[in-house]
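Read through the structure below, which is laid out as structure tokens, and then see the notes.
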Amino acid sequence: MGDTFIVEGGRALQGSVRVSGAKNAALPLLAATLLSEGRCVLRNVPDLVDVRTLLDILREVGLAADWRGNGVVSCRVESQASSVARYELVSKMRASIYLLGPLVARRGFAKVSLPGGCVIGLRPVDLHLKGLRALGAEISLDHGYIVAKAPGGRLRGAHVFLGGPMGSSVGATANTLMAACLADGKTVIEGAACEPEIDDLAHFLNRMGATIEGIGTPRLVITGVPSLGSASASVMPDRIEAGTFMVGAALTGGDVRIEDVRLDHMAAVVDKLREAGAEVTEEEEGICRVRRTGALRPVHMTTLPYPAYPTDLQAQLVAMLCLAPGISVVTEKIYPDRFHHLAELNRMGADIQKEGCSAIVRGVERLSGTDVEATDLRAAAALVLAGLAAEGRTRVHAIHYLDRGYERMEQKLVALGAAVAREAAQRPAARAA
Ligand code: UD1
């Protein structure tokens, strides 16, 4: 079941917090090291359950990875004997699909368990397969596994459009991009995702010796090379973690200085926070300050691909809008089912109705602490934020979701003056010898 956070509400967040490296950048960077024939060193890697799970999966396919603490991971492929990512590990984390592109491109073969759905929706992989098929991979589905083969051991460059029903796909863009680096000839990816995490990946691949042009645009042009070598990179700061603290500052009427933040990645978030009554200022490069002294105001927001407001900060914004007098409308266009936090927030006294893929939030005067259950990573963050602003004690259960994507969250919140304590899950009693 995981640990529980016990949050005593009513304290405004005050002080400084440093943002960790981005989970969603670290995962593809780690997978990309499978493409390299040399040693790769990644810095600013967050110590998260998802990162550790991916390292376990990468070790099974031959990556020797040394986790040195202080966020440094040094790794090198030492064996290419197994190219299979087992269900038991893949089922823990969808991002294991990132092995598919690198393995089939470098080794000509990959077998990766289908990740399946999750609580935030169906999350198909058709665009990942479309990208790799365009590069010549022969793909079949075999007893729940995706099996990909490159005829003659090598993929070939191609022109591929990756736009999907919800816009571009971050994961499919990353997979196709990684694979195209070792394909024969030129690849053009149209409709590529423009999320900053894709830029981070593309720059890292170029440092390994790849030739990627158009970085930051929806048209990536890759000229394949025969091999890739050593490279190092520092993982970009986590814009979702930064946004979570920004929302926390605004929600609690606090005053928080956030270090290691790329505000240029967060225009839509800053815009909505200002509209809702927060003051957001860039103190110097990489440091911003968020505070709120006046009343919260309702806003209308729609999640869409970057540079629009990110789906991974939707739940946190909803938590804040629960206390904004008036009516807010939050529309989820990336994962229309990503609304499991609404019922839990309502149990805390919020007034939210779901209409189609929108949440209609009527601001209430107060939230009251109670027992709530997290259902996914960002819902967990939203419930913790709601607990910070609620009256009395909130117990947020299933905190293992939060641990997948937030590094030392409770320590960071405590340093900002919050009263948050972790209660360890009851472990089965040790058997007598
Ligand atoms: C990544 C992030 C996740 C974030 C999401 C959207 C990582 C590890 N995860 O997930 O935190 O919430 O981007 O910003 O980086 N789709 C298809 N077919 C596909 C793939 C996706 O239809 O083959 C759809 C999805 O159902 C969704 C939309 O495209 O509606 C965007 O998904 P995608 O960008 O692929 O999300 P992920 O890469 O899985």
Counting only DSSP beta bridges fully inside the chain, the antiparallel percentage to nearest 5 is 70
Applied in sequence order to segment 95-105, the curve 6.51 cos²θ - 1.76 cosθ + 1.60 (Karplus, θ = phi - 60°) yields integer Hz couplings, x standing for Gly and Pro, of 5, 4, 4, 5, 6, 4, x, x, 5, 5, 6
In vacuo Debye sum over C-alpha of segment 7-152, base-10 log of normalised intensity I(q)/I(0) at q = 0.10, 0.11, 0.14 Å⁻¹, listed in q order, is -0.39, -0.46, -0.69
The helix 377-389 Cα axis meets the longest alpha-carbon principal axis of the chain at an angle in degrees, between 0 and 90 and rounded to 10, of 20
Percent relative contact order for segment 214-341, counting Cα pairs under 8 Å at least six residues apart, stands at 21
Taking alpha-carbon centroids only, segment 258-293 lies from segment 44-76 a number of Å equal to 31
For the chain, the longest principal axis of the Cα atoms and the Cα long axis of helix 49-60 enclose an angle in degrees, to the nearest 10, of 20
Of the convex hull enclosing the alpha-carbon atoms of segment 342-433, the direction-averaged projected area in nm² is 8.1
For Arg257, the net charge from surrounding residues (Cβ-Cβ under 12 Å; K, R +1; D, E -1) works out to -3
Taking N as the residue count of the chain, its alpha carbon Rg divided by 2.2 N^0.38 Å gives 0.99
Under the Karplus relation with 6.51, -1.76 and 1.60 and θ = phi - 60°, whole-Hz ³J(HN,Hα) for segment 287-303, x at Gly and Pro, equal 10, 10, 10, 10, 8, 9, 10, x, 6, 6, 10, x, 9, 10, 9, 10, 7
Under 5 Å from the placed amide H of Asp184, counting only residues 5+ away or on other chains, we find Leu155, Arg156, Gly157
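Mind running the shape call on segment 147-188? Use the C-alpha gyration tensor, a ≥ b ≥ c as the square roots of the eigenvalues: rounded below 1.5 for a/c, prolate if a/b tops b/c, oblate otherwise.
Numbers: a/c = 2.44, a/b = 1.81, b/c = 1.35.
Prolate.
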Note to self: Kirkwood Rh of segment 196-305, Cα pairs, one decimal, Å, is 16.0
Computed over segment 152-235, the distribution of all Cα-Cα distances in 5 Å bins, rounded to whole %, is 3, 16, 29, 25, 17, 8, 2, 0
To the nearest 10 degrees, the tilt of helix 196-208 (Cα long axis) against the first principal axis of the alpha carbons of the chain is 30
Residues whose built amide H sits under 5 Å from the amide H of Ala85, excluding neighbours closer than 5 in sequence, are Lys111, Val112, Ser113
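Taking the convex hull of the Cα atoms, report for segment 1-78 its projected area averaged over all directions, in nm².
Working: hull surface 28.7 nm².
Across all orientations, segment 1-78 yields a mean hull projection of 7.2 nm².
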Expected sort for Thr187, Thr293 with the fewest Cβ neighbours (10 Å cutoff) up front is Thr293, Thr187
Residue by residue through segment 73-89, the couplings from Karplus 6.51 cos²θ - 1.76 cosθ + 1.60 with θ = phi - 60°, in Hz, x for Gly and Pro, are 10, 10, 8, 7, 6, 10, 8, 10, 5, 10, 10, 10, 9, 6, 3, 4, 8
Of Pro151, Pro115, Pro310, the most mobile residue in a GNM of the chain (C-alpha springs, cutoff 10 Å) is Pro151
For Ala390, other-chain or 5+-apart residues with amide H closer than 5 Å (H placed, Pro excluded) are Gly10
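Values in this text are rule-based calculations from the coordinates and carry no lab data. Since the model is a prediction, treat every value here as computed from it, not as a measurement. Don't worry about glycine lacking a Cβ; one is built from the backbone with ideal geometry, like all the others, and counts go over all protein chains shown.
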